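The values are calculated or read from the model by the stated rules, or taken from the named source; none is laboratory data. Note that the structure is a prediction, hence the values are computed from the model and not measured. Note that each Cβ is placed from the backbone with ideal geometry, even for glycine, and that neighbours are counted across all protein chains shown. Side chains are part of the model used for accessible areas, which takes the heavy atoms of the whole protein and leaves out ligands, DNA and RNA. Shrake-Rupley method; radii C 1.70, N 1.55, O 1.52, S 1.80 Å.
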Amino acid sequence: MPNKPAAPPRRDRRRAAALLLSSGLWPAWPALAAIAQSRAQAAPAAPNGPPAPAAPEDAAPAAEGGRWVHALAAFGEPKYPESFTHFEYVNPDAPKGGVLRLRNPDRRTSFDKFNPFTIRGNAPAGVGLFMFEGLCTASDDEPQTMYGLLAERFLVAPDKSSITFRLHPRARFYNGDPVTAADVKHSFDMLTSKQASPALVQAYAPAGPVTVLDERTVRFGIKDRSTDTLFLVGGLPVFSRKWGLENGKLKPFDQIIGEYPITTGPYTIGAVDMGRRIEFKRNPDYWAKDHPARRGWFNFERVVYRMYKDGAVALEAFKTGEYDIYKEYSSRAWVRQHRGPKWDDGRIVKKSFETATGQGLQSHQFNTRRPLLQDRRVRQALGLAYDFERLNRFGLLKRAYSVFNNSEFAAEGLPSPGELRLLEPYRRELPPEVFGPAYRPPSNAGGAADLRRHLLQARALLEQAGWKLAPDGKVRNAQGQALELEYLNPGETGGRITDWQKNCEKLGITLKERNVDFALYRNRLENYDFDIITIVEGKFSLPNAAGYITSYGSQAADEKGNDNFRGIKSRAIDHILAVMGKVKTLAELRDCCRAMDRIVMWNHYQVPDVYVSAERASYWDRFGIPPKQPLYFSIDTAGDHTAWPIMCWWNKERR
């Protein structure tokens, strides 16, 4: 069912809890992208986007030979040579100036800190988008490729046991201090400390130790010798050792709250009305303004975020011109509300931007830590009661069917020989369906007859699981306990699962909806205190094993603050993720993804909802837009890739 941002995304990404959405450093944030997108946004589906360019199936990463390079592709060669001057999806001569006005792009309706890396409190999304930079940055028109940014060049050991970065001699923090190898090591040490978010600590666990070789050279050990960890380290967000310094002494990292981050990005904080409004101003001395990976970017003189607590109020504010871009998540709202005189006369433009981005799984997730949800048959019965076709009465949605929607990594047909090699050792632990055709969700396209048939199947599954229909119309187990579940929803607006509730009631199941504010919602997620929630996993160009460990790894199931909300513990999945992190060919990666997909979907850990392969937005006709659109991007948040409109468009009015 379509979600809305007002309540993670949230690739995830999630998708924004206490963590910011990625600042465009997608390789750095595999865990964060999933959390941010899953907790900050959810997106209904749209038609498929343009196909992504294929990578050579047997190509190894370009820098494996121990060469100093400017870029690294997960498979094959980087698109842009060392002499490139700018990415193709920007205007290198875009004029600078004007003000970009934005709303809170996710479920955060307030903010109370500026440190996005700790677990308590909420930092504004713009801090990550406009202030932090990584050693490398992603290209948005090729799959999983990073180019040096703070790092001028880098070298990967032939056995992937380390990656060494040579910092750009011009790299500066906004206070004028040069970026040093000691700053890089300090950033890593803080992000992997006990004071940082557990998701960060786990995400960076395969990296280290970090060795300062000289003032501008730093080496990271790669414990698992995987390509994923190379990208993880390549995007490390770097900040100054002086951030949090007080009277010559550094504060504990989780006590750095109200201090403005000392960073290298193109903007600094100009003005703050705490919790309500934040303004970023462009740094005229930005060190990378002529860097090939930054030429044509960040064209607004000021960027102003205003926080809205109510989605309806936010939409009306957009119509009056209080801010410039409105991303729409609801298909119903897209049809009914994005219209009127200002659209008709062209003052507001309505557009669906097709992308080639792989779409993570948006689903209603079951907390299998709860005794009532530990039986797969009960979970399957709940899925059979979900009427997607009723939800899709406007015909604009696509049903999610995979962990890897809109991509070649979704399971298809019968398992391949490569998939079977991964699955067979765990056959006794897996549902038999895993070894048959790929999962596809039940369809009620035939109308009431199909729904009736599915409800009968659900009733039979419940009976097999020991839930019998009692005289009071409730299904009860042998102890007389009724099957009563709670759907936890962030925000004040209810009624999102009405049809599902009615169908569950026909089965004798009580499904309650509880609406809570985001602070309480986040707290309950962090402590796994819920029955059912709706989560959107991160977007991707190529799946990244490190990004799935906190969502699907067994260790994450027992650690509060991670995003294994379903409590999945599977030796088979743990093994597949370990193999995925070390693959050398695209075919091997595809086998890993498809094998994992079969396990996740056939275990019915969730009820798949919808996915979107397009970014839908209305915007005031004030922008200059580059003629070429990237393959991978979002409108106003960054998980795996750039928020292209707010980072690469410009203001043609120059107001």
Notebook entry, point to check: Within the chain, what percent of beta bridges assigned by DSSP are antiparallel, to the nearest 5?
Noted result: 80
Check: For V516, which sequence-distant residues (separation of 5 or more, or a different chain) have an amide H within less than 5 Å of its own amide H, given hydrogens modelled in the peptide plane?
Finding: N489, G491
Notebook entry, point to check: Once phi is turned into θ = phi - 60°, what whole-Hz ³J(HN,Hα) does the Karplus curve with 6.51, -1.76 and 1.60 give for every residue of the range 474-479, x standing for Gly and Pro?
Noted result: 9, 8, 9, 8, 4, 8
Notebook entry, point to check: Accessible area per residue of the chain at 1.4 Å probe, in Å²?
Noted result: 35
Notebook entry, point to check: What length, rounded to one decimal in nm, is gained on full extension from D621 through to N247, with 0.36 nm per residue of separation minus their alpha-carbon distance?
Noted result: 129.7 nm
Check: Cα-based count: Lys pairs in the range 358-611 below 28 Å, eight or more positions apart or different chains?
Finding: 21
Check: Per-residue HN-Hα couplings for the range 589-596, Karplus 6.51 cos²θ - 1.76 cosθ + 1.60 at θ = phi - 60°, whole Hz, x for Gly and Pro?
Finding: 4, 4, 4, 4, 4, 5, 5, 5
Note to self: Can you give me the C-alpha center-to-center distance between the range 416-433 and the range 524-588, rounded to a whole angstrom?
What the structure shows: 19
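In the range 229-261, which trypsin sites (Lys or Arg not before Pro) are in a loop and have at most 16 other Cβ atoms within 10 Å, using DSSP for the loop call?
Details: sites: R241, K242, K249; in loops: R241, K242.
Sparse-neighbourhood loop trypsin sites (Lys or Arg not before Pro): K242.
Just the number, please: Stokes-Einstein D of the chain in µm²/s, Kirkwood Rh from C-alpha pairs, 25 °C, 0.890 mPa s.
Working: Rh = 24.9 Å.
So the translational diffusion coefficient is about 99 µm²/s.
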Note to self: Could you order the peptides 625-631, 224-230 from most to least packed, using the average number of other C-beta atoms within 10 Å per residue?
What the structure shows: 224-230, 625-631
Notebook entry, point to check: Residues with amide H under 5 Å of L149's amide H, sequence separation 5 or more or different chain, H placed in the peptide plane at 1.01 Å from N; which?
Noted result: C136, T137
Notebook entry, point to check: How many percent of DSSP beta bridges within the range 358-611 run antiparallel, rounded to 5?
Noted result: 65
Next item on the list: Could you tell me which trypsin sites (Lys or Arg not before Pro) in the range 158-216 are loop residues by DSSP with no more than 10 other beta carbons within 10 angstrom of their beta carbon?
Entry: K194
Next item on the list: Order the peptides 538-550, 445-457 from the highest to the lowest mean number of other Cβ atoms within 10 Å of their residues.
Entry: 538-550, 445-457
Next item on the list: Pop out the carbon and sulfur fraction of the accessible area of the range 290-394 as a percent, whole number, probe 1.4 Å.
Entry: 46
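Shape call for the range 385-485 from the C-alpha gyration tensor, a ≥ b ≥ c root eigenvalues: rounded (a/c under 1.5), prolate (a/b greater than b/c) or oblate?
Values: a/c = 2.80, a/b = 1.32, b/c = 2.13.
Oblate, because a/c is 1.5 or more while a/b does not exceed b/c.
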Next item on the list: Using amide H atoms built 1.01 Å from N in the peptide plane, name the residues 5+ places from Y611, or on other chains, whose amide H lies under 5 Å from its own.
Entry: A45, K398, A400
Check: Where the centroid of each part is defined by its Cα atoms, how far is the range 95-116 from the range 353-386 in Å?
Finding: 31
Next item on the list: Quick one: what are the phi-derived ³J(HN,Hα) couplings along the range 324-336, Karplus 6.51/-1.76/1.60 with θ = phi - 60°, whole Hz, x for glycine and proline?
Entry: 9, 9, 10, 7, 9, 9, 8, 5, 4, 5, 4, 6, 8
Next item on the list: Measure out, as a whole number of angstrom, how far apart the alpha-carbon centroids of the range 133-205 and the range 233-279 sit.
Entry: 17
